[in-house]
Amino acid sequence: STQSTWGLIQNFAKKAMANRVWNFSAGPSTLPLEVLETAQADLISWKGCGMSVMEMSHRGKEFMSIAAKAEADLRDLMGISPEYKVLFMQGGATLQFASVPMNMLRGKDQADYVVTGTWSEKAQQEAGKYCTARKAVDTKPTKYTTIPDHSSWQVNSDAAYVHYCANETINGVEFQYTPSVGDVPLVADMSSNFCSKPVEVSKHALIYAGAQKNAGIAGLTLAIVRQDYLGKTIPCTPIMCDYKVMADNDSMYNTPPCWSMYMAGLYFDYMKRQGGLSGIAEMNNRKATLLYDVIDSLPEFYTAPVSKDVRSKMNVPFRIKGGEALEEKFVKQAKERHQLLELKGHRSVGGLRASLYNGMPLEGVEKLTDFMKEFAQENSA
């Protein structure tokens, strides 16, 4: 019967919750337990309607209400004015690397890129297929550990736009301010710090972000675009990359990523109840400060490669001075002793990395820092 099946699901869920680990993955990433439990409770029959969100028509009144609330809550969280359209898209931020020049060149043939890490470099390379994508900044010689003073940027006043990555997931470099680029439209990839703190939306022509780090699960990409930048795409633009087409169809030109939109909506609602983005930012600051303080307090054992003034509060890369073998031992013992998972650095840079997204509780970071001190004590020469 339905009742007995639901009882089995609940029993299984209770056992699963008891086995939750501390997941420091860079994405997809840990979700607030409260969000998961809400999704679980409504999994089979959303609000008693007899259907799962996964089964609903995206044009039915039930899902239309889910989509409308998700957008309204995001607008409320970020202070997004009516002059911007909020688009729920697919393809990840990587598809936006092509969508940005397709939509934002608007008759020009050159765009400027602030390259401060792996992902901004990939964005610049992809844009090069559609225009002259200049590097107004390139910190590769520093191994992407700095952001130079704005006075040294080589921004062309006639560029179609200036693109920057607000937080580099792999390298752990984060802008602590909104860049000022004069009258040139500003475009931001905020994939790994989206909704982690208040944002000056009005200073941007376009903001885009994958949802799977701070605002939901994989499968959804958010784009916030000022309406006067809709239209005038380059001729080869696919329909699914055309912001105006998506805006005119309320992000439903075809079937949208329904479940991912629903999960994002639950996350937005959760964030509002945590005091909005100011409350979220306060907690994120506490978590990052706790971790960096331990790294800095043990300089003979741990080192953080990124300049202190641009350290990311979301992705914290660090190394152990004893070498790779000791780092592998750290990862192994963190998992075995304390269920601290996904602490290996990205394969392109090595080392260690802890991602402290919105869904990571303070308790998880406390467990990690306690282990770091314990590990350093046990393994110091």
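The values are calculated or read from the model by the stated rules, or taken from the named source; none is laboratory data. As the structure is a prediction and not an experimental result, all values here were calculated from the model. So basically every Cβ, Gly included, is an ideal-geometry build from the backbone, and we count neighbours across all protein chains shown. For accessibility, only protein heavy atoms count, side chains too; no ligands or nucleic acids. Shrake-Rupley method; radii C 1.70, N 1.55, O 1.52, S 1.80 Å.
Structure data summary
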{"quantity": "Cα gyration tensor, the range 293-381 - rounded (a/c under 1.5), prolate or oblate", "calculated": "rounded"}
{"quantity": "Positive-end residue, the range 252-318 charge dipole about Cα centroid, Cβ charges, pick of 298, 268, 253", "calculated": "253"}
{"quantity": "Relative contact order (%) - the chain, alpha-carbon pairs under 8 angstrom, separation at least six", "calculated": "22"}
{"quantity": "Alpha-carbon spread of the range 123-225, three principal axes, descending order, Å", "calculated": "36, 29, 29"}
{"quantity": "For residue 51, net neighbour charge (Lys/Arg +1, Asp/Glu -1) across residues whose Cβ lies under 12 Å away", "calculated": "-1"}
{"quantity": "When each of 308/367; 143/329; 85/367; 129/232; 213/373; 140/203 is checked by Cα-Cα distance, pairs over 29 Å", "calculated": "85/367"}
{"quantity": "Cα pair distances exceeding 41 angstrom across the chain, given as percent", "calculated": "16"}
{"quantity": "Relative contact order, percent, the range 19-149 [alpha-carbon distance under 8 Å, six or more residues apart]", "calculated": "13"}
{"quantity": "The range 86-229 - share of DSSP beta bridges that are antiparallel (%, nearest 5)", "calculated": "40"}
{"quantity": "Residue 46 - accessible surface, heavy atoms, 1.4 Å probe, Å² rounded to 10", "calculated": "40"}
{"quantity": "Hits among aspartates and glutamates - C-alpha to C-alpha of residue 197 under 14 Å, sequence gap 8 or more where chains match", "calculated": "76, 174, 282"}
{"quantity": "Solvent-accessible surface ranking, highest first, for 112, 293 at 1.4 angstrom", "calculated": "293, 112"}
{"quantity": "DSSP bridge pairs, the chain: antiparallel proportion in percent, nearest 5", "calculated": "55"}
{"quantity": "Integer Hz, Karplus 6.51/-1.76/1.60 couplings in order for the range 102-117, x for Gly and Pro", "calculated": "4, 9, 9, 5, 6, x, 8, 10, 9, 9, 9, 10, 8, 9, 10, x"}
{"quantity": "Exposure of residue 342 as accessible area (Å², to 10), given a probe of 1.4 Å and all protein chains", "calculated": "110"}
{"quantity": "Per-residue ³J(HN,Hα) for the range 191-202, Karplus 6.51 cos²θ - 1.76 cosθ + 1.60, θ = phi - 60°, Hz, x for Gly and Pro", "calculated": "3, 9, 9, 4, 6, 8, 6, x, 10, 7, 4, 5"}
{"quantity": "The range 316-381, relative contact order [Cα under 8 Å, separation at least 6], %", "calculated": "32"}
{"quantity": "Cα-Cα P(r), the range 221-261, percent of pairs per 5 Å interval", "calculated": "5, 20, 33, 25, 12, 4, 1"}
{"quantity": "Gaussian network model of the chain, Cα within-10 Å springs - most flexible of 334, 304, 325", "calculated": "325"}
{"quantity": "GluC sites (Glu not before Pro) within the range 82-155: DSSP coil, no more than 16 neighbouring Cβ in 10 Å", "calculated": "83"}
{"quantity": "Over the chain: helical MRE at 222 nm, DSSP H runs n ≥ 4 each giving -39500 (n - 2.57), nearest 500", "calculated": "-12500 deg cm²/dmol"}
{"quantity": "Candidates 323, 128, 91: whichever shows maximal mean-square fluctuation once the chain is modelled as a Gaussian network with Cα springs under 10 Å", "calculated": "323"}
{"quantity": "Accessible-area order (highest first, 1.4 angstrom probe) of the listed residues 86, 245", "calculated": "245, 86"}
{"quantity": "Semi-axis lengths (Å, descending) of the ellipsoid that matches the C-alpha gyration tensor of the range 188-275", "calculated": "24, 17, 11"}
{"quantity": "Within a Gaussian network of the chain (alpha carbon springs, distance under 10 Å), most fluctuating of 311, 319, 347", "calculated": "347"}
{"quantity": "Candidate aspartates and glutamates for bridging to residue 108, where Cα separation is under 13 Å - those fewer than 8 sequence places away on the same chain excluded", "calculated": "158"}
{"quantity": "Per-residue SASA entry for residue 283, accessible area with 1.4 Å probe, Å² rounded to 10", "calculated": "70"}
{"quantity": "Candidate residues 363, 374, 282, 327: accessible-area rank, largest first, probe 1.4 Å", "calculated": "282, 363, 374, 327"}
